[in-house]
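Read through the structure below, which is laid out as structure tokens, and then see the notes.
The values are calculated or read from the model by the stated rules, or taken from the named source; none is laboratory data. Since we're looking at a predicted model, the values are computed, not measured. Heads up, the Cβs are rebuilt from the backbone with ideal geometry, glycines too, and the neighbour counts pull from every protein chain shown.
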Amino acid sequence: MENDTFLELKGITKAFPGVLALDKVSFSAKRGEVHALCGENGAGKSTLIKVLTGVYPGDGGKIGLDGQTIVPTSPRNAETKGISTVYQEVNLIPHLTVAENICLGREDRLAGVIRWRRVWKRAAAAIKRLDLKFDINLDAQLSDCSIAIQQMVAIARALDIDAKLLILDEPTSSLDDAEAEELFRIMRTLREQGMGIVFVTHFLDQVYRVSDHITVLRNGELVGEFTAVELPRLELVSKMVGKNVEEVKKLEKRVTFTSVSGRKTVVSARRLGRKGAINPIDFTLNEGEVVGLAGLLGSGRSETANLLFGVDPADSGELEIDGRRIRPDSPARAMRYGFGMLTEDRKFSGIVPNLSVRENIILAMQAKLGPWRKIPSRRANEIADQFIKALDIKTPSREQQIKNLSGGNQQKVIIARWLAVHPRLLILDEPTRGIDVGAKAEIEGLIQKLREEGMSLLLISSELEEVVRNSSRVIVLRDRTKITELSGDNLTERSILEVIASQAKDDATKETLKCE
Amino acid sequence: MNSRYLPLVITAFVLALLLGAGGFFFTNFISFRVIINLFGDNAFVGVTAVGMTFVIISGGIDLSVASVIAFTTIFIAQTVNNGMHPLVSMALVLILGLLFGAIQGWFISYFNLPPFLVTLAGMFFARGVGFIINDISVAIKHPFYSETIRGLAIPVAQVGRAVVRIPFTAQCLIFFILGGTLLAAYSRFGRNVYAIGSNETSARLMGVPVDQIKIWVYALSGFCATAAGCVVTFYMQSGNSSSFVGLEMDAIAAAVIGGTLLTGGVGWVAGTLMGVLILGSIQSLITFQGSLNNWWAKIFIGTLLFLFISVQQLLNRRLKGR
């Protein structure tokens, strides 16, 4: 097969108010090739795809398809030009059947009356091209199908419209390993049929499993285009995070902690997992210790936190607190076990914007008491004042609405909320995201103070420096699996990056498949 | 059997149960005449409900239909009494209804307004315009009404000396049900309506012209409501701008009892017909019973509706749980 380039993006620029999402990015795709698009969160992958498929109009640059300049105006328009996209959250119609979904909008008709038998035949033909090892029931309602099947149906739909370029935007995020493997097989089959495939993913293993070329974006800029076999993993990771390999190697750990051995175990997890979120994981969290969770986006960091806090309860494994077996199946129950969690998205699931600082602080206390027992207002005021002082929360008064506070101070209020219920374990998911440097240092100081007081903390951050600086042990995750645990002298940014980049060979991944 | 059709089967079962109970307790309940009357008397609800079914499948709601019916009746009465031929008057009002619905649809899709509010405004508007035309009940005096329409009834059986005829109103209902079924199950328009109601974002990404389809859905509902208004004049032989307050809720109830999900994406025109017949036969049962207050019909309908939505929710949950 001749590798002729048929999609050529040149100097694509896209600005949103205040952000330059894409800065003169170029990208090309060839027939019969899988081209991976890599980059950390906010690198501009999705924006590039959305410009390419006409969801957003581009602010500059040219899109060439088969030598002709095109201007996709809508997803529909892009489809008619042969560019079809399958999104992470599958965009199909849940209440219609598989066959109806494949042919929606293009049903065979005779005098305006749909000829269902022909539609079914065409759908069957499209599915057949996927060369699956199993059957997909064309009569099944789409919402009854697994996400994996739904994705295959979406691909079949792309085949039915005779797409020349298939864009798969994070297709494997909600698939388990066997399902992902089946998807890769389909991708290879289609590649052989001459289809060009753009594969957007943050799973490094998967990039190397199927891709011929890799394009790396960072902060809206093109880092480069590489041939997969010529780009070692460590180099890919360093390009994604924006540090060159030398720099990565130079990074050393800055703070050393006193030995943590001999400390009392607070929480221990054995083979704790949840299908589609995190593969069975083992870990212990000790009194007076900060344990970090590191990994790239989508590696299962927040999923682990949600598992512990009962947001998305575990469906396998065991969890113990102080040697007692527990099953946190809701945040309310997790709170009764003495867990607290600072969520990743402060605005959405942290603060209650229109309530006052005081009301936000006593929220967890009140939740623990239940709705019928009111905290006397004098006591509530005392608690609020005490924390405002202790955590140095900058607010004109305790009655100020929390939405008027700065991000760092909002975060302190939420930490105060949890401190008010004296948790055994405090989970901090991205505690310093979106707050300024000064407040960041204060929050980090607070974390260490709580550690010294004997609290057990689990720290999640996408900034490796922050994790390394604050934790005495770090659990490294990749592709929803715990790879290793680093501590002491082994704990450096460099070592974490190396672990993340290392090839998964004897992974626990394969085992977990069989458990399901 | 596909479990998707379970709500439809339940509806059919309830209808059979009601008719069976009627036949068991009252002689003559299951007679040709009663069944035909069931169709004829509820034709206007049925015709309205066909349009409503599409609106609900698309994920919307149309509160304006009852006002549109009232407007239609007074419009026809007034124009015919002023010398316009009924057919011309009806053609005119049908176009008006279509346009009125389309405008509501336009507001809903282009300004992205909630259908509830837009059609609530439409409801007040149409009711008001009706009162402007005439605020008293106006009898329609025209040979077309007193003779032609009656002549259109199709004789189907001879019971004793009386001839049982299918009145033109019932024929209208059957026509709309068949047309609606064809539109829902065998047209791209129908498929697109289901797609929008099931997941609008996806539908848009899959290339469904969401905005146009929505406009057509409300236009269709406006059209059905005016058609229902025409059907009303056939047996009332009069127009009244204050009539049918709250009928939109009957149409919604009929669709929901017929298995249409208020959240959109699921529904059947045939189910809606059964829903209408269920509402009608409850009314007939009360009438046959004789001693019960008429408001008992509402109590039964309320109870039934509650049971249906609970069952639908349970089924939904079970389907999702898999």
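Worth pointing out:
- Any hit, region B:52-62, residues being surrounded by fewer than 18 Cβ atoms within 10 Å (Cβ to Cβ), on the phi < 0 side of the Ramachandran plot, in a helix (DSSP H, G or I) and not basic (K, R): no
- Qualifying positions in region B:158-194 - within 13 Å of B:F54 (Cβ to Cβ), within 13 Å of chain A (Cβ to nearest Cβ) and part of a helix (DSSP H, G or I): B:G179, B:T181, B:L182, B:L183, B:A184, B:A185, B:F189, B:G190, B:R191, B:N192, B:V193, B:Y194
- Region A:152-170, residues that are under 25 Å from the mean Cα position of the chain (by Cα), assigned to a helix (DSSP H, G or I) and within 13 Å of chain B (Cβ to nearest Cβ): A:V153, A:A154
- Some residue of region B:38-47 being at negative phi, within 14 Å of another protein chain (Cβ to nearest Cβ) and either in contact with an Asp or Glu (Cβ under 9 Å, 6 or more places away or on another chain) or modelled with pLDDT of 90 or more (or both): no
- A:I114 more than 9 Å from chain B (Cβ to nearest Cβ), of a type in the set (A, V, I, L, M), surrounded by 16 or more Cβ atoms within 10 Å (Cβ to Cβ) and over 29 Å from A:G298 (Cα atoms): no
- Of the set (1) assigned to a loop (DSSP other than H, G, I, E, B); (2) under 19 Å from A:N286 (Cα atoms), all apply to A:D329 but (2).
- Given (1) crowded, with 18+ Cβ neighbours inside 10 Å; (2) touching a strand residue (DSSP E or B) at 6+ places or on another chain (Cβ under 6 Å), number of the condition A:L159 does not satisfy: (2)
- Counted as qualifying within region A:35-101 are the strands (runs of 3 or more DSSP E) with 2 or more residues that are of a type outside the set (F, W, Y) and more than 14 Å from every other protein chain (Cβ to nearest Cβ), namely A:60-65, A:68-70.
- Subset of region B:80-123 that is farther than 21 Å from B:K214 by Cα, hydrophobic (A, V, I, L, M, F, W, C) and surrounded by fewer than 18 Cβ atoms within 10 Å (Cβ to Cβ) - its residue that is farthest from the chain's Cα centre (by Cα): B:M84
- In region B:87-111, the residues that are assigned to a helix (DSSP H, G or I) reach residues that are of a type in the set (D, E) with C-beta atoms within less than 7 angstrom, at least six apart or across chains, in these pairs: B:S109/B:D211; B:Y110/B:D211.
- Selected residue [over 24 Å from the mean Cα position of the chain (by Cα) and in contact (Cβ under 8 Å) with a residue 60 or more places away in the chain] from A:M341, A:M365, A:M335: A:M335
- Scan of region A:199-208 for residues that are more than 15 Å from A:F226 (Cβ to Cβ) and of a type outside the set (D, E, K, R), ordered by number: A:V200, A:T201, A:H202, A:F203, A:Q206
- Close pairs from region B:198-221: first within 7 Å of another protein chain (Cβ to nearest Cβ), partner assigned to a helix (DSSP H, G or I) and small (G, A, S), Cβ under 8 Å, at least 6 apart: B:S202/B:A195; B:A203/B:A195; B:M206/B:A195; B:V208/B:A195
- Selection status of A:S143, buried (at least 21 other Cβ atoms within 10 Å of the Cβ), polar (S, T, N, Q) and out of contact with any Lys or Arg (no Cβ under 6 Å at 6 or more places or on another chain): no
- A single entry from B:L285, B:L307, B:L292 fulfils the requirement of being surrounded by 15 or more Cβ atoms within 10 Å (Cβ to Cβ) and either over 17 Å from the mean Cα position of the chain (by Cα) or more than 14 Å from chain A (Cβ to nearest Cβ) (or both): B:L285.
- Exclusive hit being out of contact with any Cys (no Cβ under 9 Å at 6 or more places or on another chain) and within 14 Å of another protein chain (Cβ to nearest Cβ), set B:T272, B:T263, B:T233, B:T226: B:T263
- Members of region A:26-44 that are surrounded by 24 or more Cβ atoms within 10 Å (Cβ to Cβ) and not hydrophobic (A, V, I, L, M, F, W, C): A:G39, A:G44
- Residue pairs whose Cβ atoms lie under 7 Å apart, separated by 6 or more positions or on different chains, with the first residue in region A:131-142 and more than 10 Å from every other protein chain (Cβ to nearest Cβ) and the second surrounded by 16 or more Cβ atoms within 10 Å (Cβ to Cβ) and not hydrophobic (A, V, I, L, M, F, W, C), are A:L138/A:T97.
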